[in-house]
1. Please give the contour-minus-distance gain from GLN107 to CYS22: 0.36 nm per residue of separation, less the Cα-Cα distance, rounded to one decimal in nm.
2. Could you compute the FRET efficiency for VAL176 and ILE135, with r as their C-beta to C-beta distance and R0 at 22 Å, rounded to 0.05?
3. Ordering ASP95, ASP23 by how much accessible area each has at a 1.4 Å probe, largest first, what is the list?
4. If ligands, DNA and RNA are left out, what is the accessible area of MET124 with a 1.4 Å probe, given in Å² to the nearest 10?
5. For a quick check of understanding: with a 1.4 angstrom probe and all protein chains in place, what accessible area in square angstrom does VAL157 have, to the nearest ten?
6. Just how much of LYS94 is accessible, in Å², when a 1.4 Å probe is used and the result is rounded to the nearest 10?
Amino acid sequence: MWYEQRCSKSFSNLKELEVEHCDSLLNIFPHFFLGVFQRLEKLRVTDCASLEEVFQLQLQIQMLDIDQEACIVTSKLRQVELFRLPKLKHIWNKDPNENISFHNLRQVHVQECWSLKTLFSFSMAKDLHQLKSLIVDSCGVEEIVSKSVEESDQHEVLFEFNQLSFLALWTLPNLVCFYPGMHHITCPMLKRLKTHWPKKIKKLSHVVSQLLVVGK
């Protein structure tokens, strides 16, 4: 999709990007995307039959000519919409840890992505203090936040979604848990919680029970 890294300045002021019906694409952003789309705020990807990942983060830090230990790169991305991507396996193909921050995210809407197993990495979920709306609809998601290999199973993890006001978990037949470890969720601004699970009521009630105490 992006032929050469040296054309990066051509997109430095781009704020919105929509990708539709690009059936040959395997990923949207290559490893140098943070240096290219410095002002990107909204991303919408729909009906791309072969897409497997959106952000390729594996070489992000290596491509930056700064100390990796001290590096924190901040994305301005505020809104992500991913619809009807049947082969999507990863939104972010690697945990950005603390080197790349997506803390500006306000809205995430993922729908009809049946190959997707998890939504956020552990480090990303810990950084989503400005997230206001999260909608996951008709997907193969098994957990919202993936397990951190560095976290002990004996310690409870706290996820703080301080601005989250709308959460929808809709038709997710494979969803097992919010996070596969001891955890607590706080969403003091949550006003709407929508769920729909026509067949696996017991599993749904287990996940929702983790959310009913939010804000308390």
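The values are calculated or read from the model by the stated rules, or taken from the named source; none is laboratory data. As the structure is a computational prediction, the values presented were derived from the model and not from experiment. Cβ: placed from backbone, ideal geometry, glycine included. Neighbour counts: every protein chain shown. Quick note on the areas: whole protein, heavy atoms, side chains included, nothing else; ligands and nucleic acids left out. Shrake-Rupley method; radii C 1.70, N 1.55, O 1.52, S 1.80 Å.
1. On the way: separation 85, 0.36 × 85 = 30.60 nm, distance 2.34 nm.
Between GLN107 and CYS22, full extension yields an extra 28.3 nm.
2. Step by step, r from the Cβ atoms, then E = 0.70.
3. Details: ASP95 50, ASP23 85 Å².
Accessible-area ranking of ASP95, ASP23, largest first: ASP23, ASP95.
4. 10
5. 10
6. 100
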